[in-house]
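Nothing in this text is a laboratory measurement; each read-out follows from the coordinates by a stated rule. Everything quoted here is computed from the prediction, not taken from an experiment. Here Cβ is always computed from backbone atoms with ideal geometry, including for glycine, and neighbour counts include all displayed protein chains.
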Amino acid sequence: MAVTLQVNGATRTLDVPPRMTLADALRTQLSLTGTHLGCEHGVCGACTVLVDGAAVRSCLMLTVQAEGSSVTTVEGLSLPEGLTPLQQSFKKHHALQCGFCTPGMITTAHALLTHEANADEARVREVISGNLCRCTGYVPIIEAILDARAAYGAGET
Ligand code: FES
Ligand code: FES
């Protein structure tokens with residue numbers, strides 16, 4: 001089936017089997033392998049991308065369901081000149097070890113802070129609890145997200 005969507009700001013038309021997930025299409029057809037696949041059934045959050053600004057588990061979404069949508073992957077949240085403030089914060093706080101969960105952490109945190117720049121620790125913990133990390137424990141991840149809030153306008157009125 002032909003599916004036309006925006007991916008990281010570019011219009012893409014894909015020819016996909018009806019049951020191909022968005023995660024598989026991003027990885028195999030567009031080589032956007034920053035979107036990771038862990039559990040493949042909606043539990044781990046590694047595959048999180050933004051669909052029309054909302055954090056979505058791309059292993060649970062069929063590509064055909066993304067027709068006409070705007071999809072942003074972790075690659076689309078990067079800057080050509082270097083790390084984004086959120087990425088810098090993950091680095092500063094040592095919020096990753098193997099990094100497998102990190103793309104999903106970054107996309108989830110970006111969606112949260114875009115809509116709730118003043119999110120407090122309890123809110124960050126609640127939202128990021130849907131992203132599983134086997135390595136770090138969550139303290140550095142929480143600290144990194146909280147520290148990145150200013151870059152999203154936290155504290156501004
Ligand atoms: Fe999608 Fe785990 S791979 S939630
Ligand atoms: Fe390894 Fe999170 S850094 S799973």
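Distance from the C-alpha centroid of region 10-36 to that of region 84-156: 25 Å, rounded to the whole angstrom. Computed from backbone phi, the HN-Hα couplings of region 17-22 come to x, x, 9, 6, 6, 4 Hz, rounded to whole numbers (Karplus: 6.51 cos²θ - 1.76 cosθ + 1.60, θ = phi - 60°; Gly and Pro given as x). The trypsin sites (Lys or Arg not before Pro) found in region 72-157 that occupy coil by DSSP, while having at most 11 further C-beta atoms within 10 Å, are ARG134.
When +1 charges are put on Lys and Arg Cβ atoms and -1 charges on Asp and Glu Cβ atoms, the dipole computed for region 26-157 relative to its Cα centre reaches about 340 debye. Within the listed set VAL43, VAL71, VAL124, the residue fluctuating most in the Gaussian network model of the chain (springs between alpha-carbon atoms under 10 angstrom) is VAL43.
Need one number for the chain: average projected area of the convex hull over its C-alpha atoms, nm². Hull-based average projected area comes out at 9.1 nm². Restricting the GluC sites (Glu not before Pro) of region 86-157 to loop positions (DSSP other than H, G, I, E, B) with no more than 11 neighbouring Cβ atoms within 10 Å leaves GLU156. Between THR84 and LEU79, the built amide H atoms are under 5 Å apart, and every one of these is 5 or more places off in sequence or on another chain.
Annotation: amide H-H contacts under 5 Å for THR21 (H modelled 1.01 Å from N, sequence separation of 5 or more, or interchain): THR63.
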